Amino acid sequence: MNRLGLYRALIRLLPKPTVDFRAVKQRLPDESLQRFRAVLRRHRARDGALAFFDQDGISDFVVYGEARRGVKVWADTPFRLASVSKLVTAAGILAMAQKGLLDLDADADTGLPYSLRHPQAKERPVTLRMLLTHTAGIRDGAAYTRGLTDGSDAASLLTADSHTAHLPGEGCEYSNFGVGLAGCAVEAQTGLSFERAMQTHLFEPLGLNASYYPQRVRGLLADARRVLPPRRRPNFDARARQAAPDAGWDAPDPLRHHLLAHGGCCMDVLSLAKLGQALLLPVFLDEQTLQNMRTPQADLSARDPHLKLGPGLFILEDPDICDFKLYGHQGMAYGAVHMLFMDVKTGRGLISLTTGASEAREYIIADVNRALLREWVRHG
């Protein structure tokens, strides 16, 4: 038995959680919601929120379990979105580009106190588009991993270890570091901190309760905890994160702000559904910008034969789920497993946020998210 098979077998040995849905809004029949409940129980999702939205708003919305010990998940509970943050970041950057404040295809080095260029192609500019589509030639090397905990600045992390074998624009490697650096480029080019730029050009116009700083989001942020191995203390301690100082959020610092854009956004499910609506309709973002986002510009075939990439967007074509494209993103960190995906033809979407669930996956999309999407396509 391989490692994935062993992990799945161990997950099956864990007791199934209760998953008592508390309906905030419900139009779906009870039997349909029970199918989703069965999926969440099977994949050991203990706490979270599940929302169905369309162009008119949220049609169905249930919450279940606790955000942290003794505190139930409610409609306004914010979650740290992990890599769903990349979708949020891209929406903000595209909004700024639409206003002429940024250029997706210009040299992203402009104004930065370091260079993003590949050491084997120093004459070739790296662009925001490359950073958002994971084609910038920047990878999550050992230096980046070390920098997650030791406080290293972005310049010191851009070592040879942080560059891919392929040159910018010639290949694709999923990179948290690259999207984080896109946030730094925003600071250098707008003169605003990344947080301020996103508040000004995305969060405030859409009325979102969102921040890249846990201390600044409204409400009690949800913990995140791995279901295997079981543990009492959360892997992501939301209480401690919200109690920590938030100094420096309003001042641009492209040396230190490289850990925000790729995974740090905190948002409640109601706000995330509003963002999903904005990505369905050409109102906040115009039709050309939305088409730019939805157009495949890279693929992750080395890791997942079913995924292509637009700026900040997964384009999922998986016949095991459905026979049409789904657009969105997944997030996995500290045990939490999240997703937002949309069917743009029918104008509807699905959001699942959890404090923890099975992290089993054959490719990139987690088993639990694949199962929820299948259920949504067939019965949602």
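General remarks:
- Looking across P245, P234, P296, P282, one residue alone is in contact (Cβ under 8 Å) with a residue 60 or more places away in the chain and assigned to a loop (DSSP other than H, G, I, E, B). It is P234.
- Test: residue in the range 339-346 that is closer than 29 Å to Q26 by Cα, surrounded by 22 or more Cβ atoms within 10 Å (Cβ to Cβ) and free of Cβ contacts under 8 Å to residues at least 60 places away in the same chain: yes
- V88 vs. criteria assigned to a helix (DSSP H, G or I), among the β-branched types (V, I, T) and either touching a strand residue (DSSP E or B) at 6+ places or on another chain (Cβ under 8 Å) or surrounded by fewer than 17 Cβ atoms within 10 Å (Cβ to Cβ) (or both): yes
- Filtered by the rule that a residue be within 16 Å of the chain's Cα centre (by Cα) and either hydroxyl-bearing (S, T, Y) or not in a helix (DSSP H, G or I) (or both), the range 175-208 gives S175, L208.
- Residue satisfying all of: in the range 176-192; among the polar types (S, T, N, Q) and surrounded by fewer than 24 Cβ atoms within 10 Å (Cβ to Cβ); nearest to T135 (Cα to Cα) among these: Q189
- Every condition in (1) surrounded by fewer than 19 Cβ atoms within 10 Å (Cβ to Cβ); (2) assigned to a loop (DSSP other than H, G, I, E, B) holds for R46 except the one numbered (1).
- The residues in the range 245-263 that are surrounded by fewer than 21 Cβ atoms within 10 Å (Cβ to Cβ) and not charged (D, E, K, R) can be counted, and the count is 7.
Every residue, every condition in (1) among the aliphatic types (A, V, I, L, M); (2) closer than 26 Å to T289 by Cα; (3) under 15 Å from the mean Cα position of the chain (by Cα), yes or no:
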{"residue": "L309", "(1), (2), (3)": "yes, yes, yes"}
{"residue": "D320", "(1), (2), (3)": "no, no, no"}
{"residue": "Y327", "(1), (2), (3)": "no, yes, yes"}
{"residue": "L340", "(1), (2), (3)": "yes, yes, yes"}
{"residue": "V344", "(1), (2), (3)": "yes, yes, no"}
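So that you can scan it fast, the table gives a plain yes or no per residue for (1) in contact with a helix residue (DSSP H, G or I) (Cβ under 9 Å, 6 or more places away or on another chain); (2) β-branched (V, I, T):
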{"position": "L220", "(1), (2)": "yes, no"}
{"position": "V227", "(1), (2)": "yes, yes"}
{"position": "R232", "(1), (2)": "no, no"}
{"position": "R239", "(1), (2)": "no, no"}
{"position": "S271", "(1), (2)": "yes, no"}
{"position": "L281", "(1), (2)": "yes, no"}
{"position": "L290", "(1), (2)": "yes, no"}
{"position": "M293", "(1), (2)": "yes, no"}
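No lab work stands behind these numbers, since they all come straight from the coordinates. Bear in mind that the values here come from a model prediction, so they are computed numbers and not experimental data. In this analysis, Cβ positions are derived from the backbone assuming ideal geometry, glycine residues included, and neighbour counts consider all displayed protein chains.
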